[in-house]
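Working notes for the structure below.
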Amino acid sequence: MAGTELFGNEERKEVMDVLETGVLFRYGHDSQRNGVWKAKTFEQEFSTYLGVKHTHFCASGTAADSLSLACCGIGYGDEVIVPPYTFIAPIEAVLLAGAIPVFAEIDETLCISPEGIEKAITPRTRAVLIVQVFGSMGRMDEILAVCQKHNLILIEDAAPALGGSYQGKMLGNFGKMSAFSFDYYKIITAGEGGAVATNDDDLYDRAHKYSDHGHDHIGNARGAEQHPILGYNFRGSELGAAVVLAQLRKLPYMIEKQKAHQNILKQVLMEFPEIRMRHVPDEAGDSATFLSFFLPDADQATKVFDEFQKEDLSASYWYRNNFHYHRQWGHLKELKSIFNLPVMKMNNVPDYQNLQVPQSDAIMQRLMMTQIMVNWSVEELNTLASKMRSAIKKALK
């Protein structure tokens, strides 16, 4: 991903600022810091970038999902509508909240569909957790309308689409609370790390308290702080914040280069009438981390995938991927946990073993995806375009 391509002196400088103070903890020790507050600085700059009121830096994207659910009051027995196409972290966060993941169909945006949400709603549904998949967005106007109609909380996991936007508003602005990840495979990275963002003062107040064992963070003496609520440890460190702060400042450049490179490769795909591009509700808002496209059927999709691999081209056929689609989630289907999850003791829990999402399966069987890199040279791009064209011709002959 883009962030790992661009590590340099900027990240080293921010990290050294922290190491020179000796304060790796994000709270307190004011006199030792010499004004160095990397988590706070990142939160301010990230809020400005997204156009939101509040950001809270935390330990991981999974922690951000858990924080979002907790702050929105999602807990024991609540149903949360989730997509079957995502890294499993948001579903794990729902389970650990004591809530019940209920799967709904996706559409050709690759995000959960408004029709899928409607069909999945029951009297116990409290929230919808949309994952903005690989650079782009779902049909946000319709999804927001469904949530408003049924009085559901929308939580937005925008981790795979940081830098994307919809109708001029950055992704991460559409949910009551949104979650981001900065792990090694995200567009900006600190190795690990995450953040929640919100425009709601009360939710932000809950987030910074809950992520730090309920500390109220009033005053400058940690030992004197009060604990108005029970909490957990989802804190991020100053070192992680330092790295992702430097990365954030490079993000506009990353998006600009990705869009230019994606457009060149997209022109190759458009030479083939058999290929249809992913539906992007706002083309201008695609952050272009990947190029996603559909073949007419599963057989042709796998042939293209195989030819891409022969040419050593970046290729993902998510239908049979081990991590990002429900078909391979045996650990979820069998609820293989090292402790008793609340969902194991509840009635009316969905039959995960026999999860049926036929529309999603039909979409995923035809889907191919290739990654877009920032540092490609003109020569490398031309070579890639030529190899892609050749590979597709061989597969579709």
Just a yes or no: is a residue in the stretch 98-107 assigned to a loop (DSSP other than H, G, I, E, B) and open to solvent by 10 Å² or more (accessible area, probe 1.4 Å)? yes
Condition first: surrounded by fewer than 23 Cβ atoms within 10 Å (Cβ to Cβ) and either under 19 Å from residue 115 (Cβ atoms) or in contact with an Asp or Glu (Cβ under 7 Å, 6 or more places away or on another chain) (or both). Now tell me which residues in the stretch 148-164 satisfy that. 148, 149, 150, 151, 152, 154
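Okay, residues lined up against (1) at pLDDT 95 or above; (2) of a type outside the set (Ser, Thr, Tyr); (3) more than 17 Å from the chain's Cα centre (by Cα):
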residue	(1), (2), (3)
69	yes, yes, no
74	yes, yes, yes
79	yes, yes, yes
83	yes, yes, no
86	yes, no, no
Filter the stretch 26-52 down to the residues that are assigned to a loop (DSSP other than H, G, I, E, B) and open to solvent by less than 60 Å² (accessible area, probe 1.4 Å) and list them by number. 26, 27, 28, 36, 37, 51, 52
Determine whether residue 129 is aliphatic (A, V, I, L, M), at negative phi and either buried (at least 23 other Cβ atoms within 10 Å of the Cβ) or at pLDDT below 95 (or both). yes
Which members of the stretch 101-126 meet the condition of being among the polar types (S, T, N, Q) and either in contact with a Pro (Cβ under 7 Å, 6 or more places away or on another chain) or modelled with pLDDT under 95 (or both)? 109
I'd like the full set of residues that are open to solvent by 60 Å² or more (accessible area, probe 1.4 Å) and either closer than 24 Å to residue 359 by Cβ or under 19 Å from the mean Cα position of the chain (by Cα) (or both), limited to the stretch 298-326. 299, 303, 320, 322, 323
Set 209, 259: member being touching a Ser or Thr at 6+ places or on another chain (Cβ under 9 Å) and either basic (Lys, Arg) or modelled with pLDDT under 95 (or both): 259
Of all residues in the stretch 359-379 being part of a helix (DSSP H, G or I) and touching a residue at least 60 places away in the same chain (Cβ under 8 Å), the one that is most open to solvent (accessible area, probe 1.4 Å): 359
With the stretch 246-352 as the region, which helices (runs of 4 or more DSSP H) entirely inside it contain at least 1 residues that are within 23 Å of residue 4 (Cα to Cα)? 251-269, 298-310
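Listed here are the residues, each with its yes/no results for (1) over 30 Å from residue 346 (Cα atoms); (2) in contact (Cβ under 8 Å) with a residue 40 or more places away in the chain.
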{"residue": "68", "(1), (2)": "no, yes"}
{"residue": "102", "(1), (2)": "no, yes"}
{"residue": "106", "(1), (2)": "no, yes"}
{"residue": "114", "(1), (2)": "no, no"}
{"residue": "122", "(1), (2)": "no, yes"}
{"residue": "139", "(1), (2)": "yes, yes"}
{"residue": "147", "(1), (2)": "no, no"}
{"residue": "162", "(1), (2)": "yes, yes"}
Specify which of the listed residues (386, 390) is part of a helix (DSSP H, G or I), open to solvent by 10 Å² or more (accessible area, probe 1.4 Å), without any contact (Cβ under 8 Å) to a residue 40 or more places away in the chain and of a type in the set (Gly, Ala, Ser). 386
Return the pairs, sorted by first residue and then second, in which the second residue is open to solvent by 30 Å² or more (accessible area, probe 1.4 Å) and in a helix (DSSP H, G or I), the first residue lies in the stretch 1-24 and is more than 17 Å from residue 192 (Cβ to Cβ) and free of Cβ contacts under 8 Å to residues at least 24 places away in the same chain, the beta carbons are less than 6 Å apart, and the residues are 6+ apart or on different chains. 21/32
Hey, can you tell me all the residues within the stretch 233-257 that are touching a Cys at 6+ places or on another chain (Cβ under 9 Å) and either among the aliphatic types (A, V, I, L, M) or open to solvent by less than 50 Å² (accessible area, probe 1.4 Å) (or both)? 234, 236
Give the residue that is nearest to the chain's Cα centre (by Cα), with candidates limited to residues of the stretch 53-67 that are of a type in the set (A, V, I, L, M, F, W, C) and surrounded by 23 or more Cβ atoms within 10 Å (Cβ to Cβ). 64
Residues that are more than 15 Å from residue 137 (Cβ to Cβ) and either open to solvent by less than 50 Å² (accessible area, probe 1.4 Å) or aliphatic (A, V, I, L, M) (or both), drawn from the stretch 258-285: 258, 260, 261, 262, 264, 265, 266, 268, 269, 270, 272, 275
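The values are calculated or read from the model by the stated rules, or taken from the named source; none is laboratory data. Given the structure is predicted, the values throughout are model-derived calculations rather than measurements. Please note: Cβ atoms are built from the backbone with ideal geometry, for glycine as well, and neighbour counts cover all protein chains shown. Each accessible area value is taken on the protein alone, full model and side chains, heavy atoms only, with ligands, DNA and RNA left out. Shrake-Rupley method; radii C 1.70, N 1.55, O 1.52, S 1.80 Å.
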